[in-house]
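The values are calculated or read from the model by the stated rules, or taken from the named source; none is laboratory data. Please read these numbers as outputs of a predicted model, since none were measured by experiment. Neighbour counts run over all protein chains shown; Cβ positions are idealised from the backbone, glycine included.
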Amino acid sequence: MFESISLVVALIGSAIGGIYDLKTSDMLDAVPYAMIAIALVLHGVESFLTGSYWPILNSSIAGLGLLGFGYIMYFFGQWGGGDAWMLSAVGFLLPSFNNNLFFPFPLSYLFNMFLVGAAYMLVYAFVFALMNRKIIFHFKKDMKASGKMLTIGSTVLFFIFFIFNWILVQHFNLSFDFLSSIGNSLLVVLVAVALFVIYRFAKAVENLGFKKKISVSKLKVGDVLLENKLYKGITEKELKQIRKNKKSVWIKEGVRFAPTFPLALLFTIYFGDGILLFIKFLV
């Protein structure tokens, strides 16, 4: 019963936080705080009824552990503080959730979040670019300028891996399959080209979509200055100070990441350990 209630709270709370972030580019801090409070009450009652301290202890360990990881991401400028608290809230609520998981839930959820998050960020960046023709124009221009370098690099990379494949075959006294070696080398080249294109596309979105110069009259509380290393919005006091000293500032936005939390939770419920699926795919 306690796990079912916790799961419902985690799904609803993370969904509310994700929708709010998607609409406003800001995390509603009250949501993860409320989720954590509910988690502590639920696991506290469970500990009392079962006469065991493990439910509340597991909740605290999982929640604080994920909070620590979230703040590492925050201090590296990758997440906002609200994202760290939302990750922690899910950990507090579901420390021992077991849906045929091989790894403990906090580890499985964390990996699934990055797996789902990678796909989500690509879709988000693509949709964002479609709404901004300047990004598409710049990306096409950049790829056209990189065409010669990409062709030469791909050709060189193909021959390097083809020769490397031949050397391995000779070293281990195996039979050399010409077509298989060509296929393996082409696969490496295709992956490398795909990663390069994705990287250049992401840079175009970042430079032309997520960074912009605005008048201080349009600056508002919660905006993140480009010069800030931490992804932290300005306060009312800072806003007044900026308006006194500057006419314009550069601000940065980012992928509104909070929707990843409920999506990763649904992925964990229905598919289990993403890391095992990932290993099976590679093998």
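Tell me the residue from F210, F158, F172 that is modelled with pLDDT under 75 and not hydroxyl-bearing (S, T, Y), please.
F172
Scan (1) in a loop (DSSP other than H, G, I, E, B); (2) surrounded by 12 or more Cβ atoms within 10 Å (Cβ to Cβ) for the single condition S175 breaks and write down its number.
Here S175 clears every test but (2).
Mind checking which pairs have a first residue in the stretch 232-244 that is modelled with pLDDT of 75 or more and a second that is loosely packed, with under 14 Cβ neighbours inside 10 Å and of a type in the set (A, V, I, L, M, F, W, C), Cβ under 6 Å, 6 or more apart or different chains?
From the stretch 232-244, the pairs are E236/V221; L239/V221.
Conditions (1) acidic (D, E); (2) in contact with a helix residue (DSSP H, G or I) (Cβ under 8 Å, 6 or more places away or on another chain); (3) closer than 20 Å to F257 by Cβ; (4) surrounded by fewer than 14 Cβ atoms within 10 Å (Cβ to Cβ), marked per residue:
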{"residue": "I16", "(1), (2), (3), (4)": "no, yes, yes, no"}
{"residue": "Y20", "(1), (2), (3), (4)": "no, yes, yes, no"}
{"residue": "S59", "(1), (2), (3), (4)": "no, yes, no, no"}
{"residue": "L64", "(1), (2), (3), (4)": "no, yes, no, yes"}
{"residue": "G68", "(1), (2), (3), (4)": "no, no, yes, yes"}
{"residue": "L87", "(1), (2), (3), (4)": "no, yes, yes, no"}
{"residue": "V90", "(1), (2), (3), (4)": "no, yes, yes, no"}
{"residue": "L93", "(1), (2), (3), (4)": "no, yes, yes, no"}
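Report whether or not V127 is modelled with pLDDT under 85, β-branched (V, I, T) and part of a helix (DSSP H, G or I).
yes
Give the number of residues within the stretch 130-151 that are among the polar types (S, T, N, Q) and without any contact (Cβ under 8 Å) to a residue 60 or more places away in the chain.
Number satisfying all stated conditions: 2.
For K218, state whether it is charged (D, E, K, R), modelled with pLDDT of 75 or more and assigned to a helix (DSSP H, G or I).
Answer is no for this residue.
Mind telling me which of the residues V255, V193 ends up being touching a residue at least 60 places away in the same chain (Cβ under 8 Å), aliphatic (A, V, I, L, M), out of contact with any strand residue (DSSP E or B) (no Cβ under 8 Å at 6 or more places or on another chain) and surrounded by 12 or more Cβ atoms within 10 Å (Cβ to Cβ)?
Criteria check complete, one pass: V255.
Can you confirm whether the stretch 52-62 contains a residue that is outside any helix (DSSP H, G or I) and of a type outside the set (A, V, I, L, M)?
Yes - at least one qualifying residue is present in the stretch 52-62.
Residue by residue, here is whether (1) outside any helix (DSSP H, G or I); (2) touching a residue at least 40 places away in the same chain (Cβ under 8 Å); (3) more than 25 Å from F210 (Cα to Cα) holds:
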residue: S4; (1), (2), (3): no, no, yes
residue: L7; (1), (2), (3): no, yes, yes
residue: G18; (1), (2), (3): no, yes, no
residue: L40; (1), (2), (3): no, yes, yes
residue: V90; (1), (2), (3): no, yes, yes
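Which numbered condition trips up S217, out of (1) loosely packed, with under 11 Cβ neighbours inside 10 Å; (2) in contact with a Gly (Cβ under 9 Å, 6 or more places away or on another chain)?
Answer for S217: the failing condition is (2).
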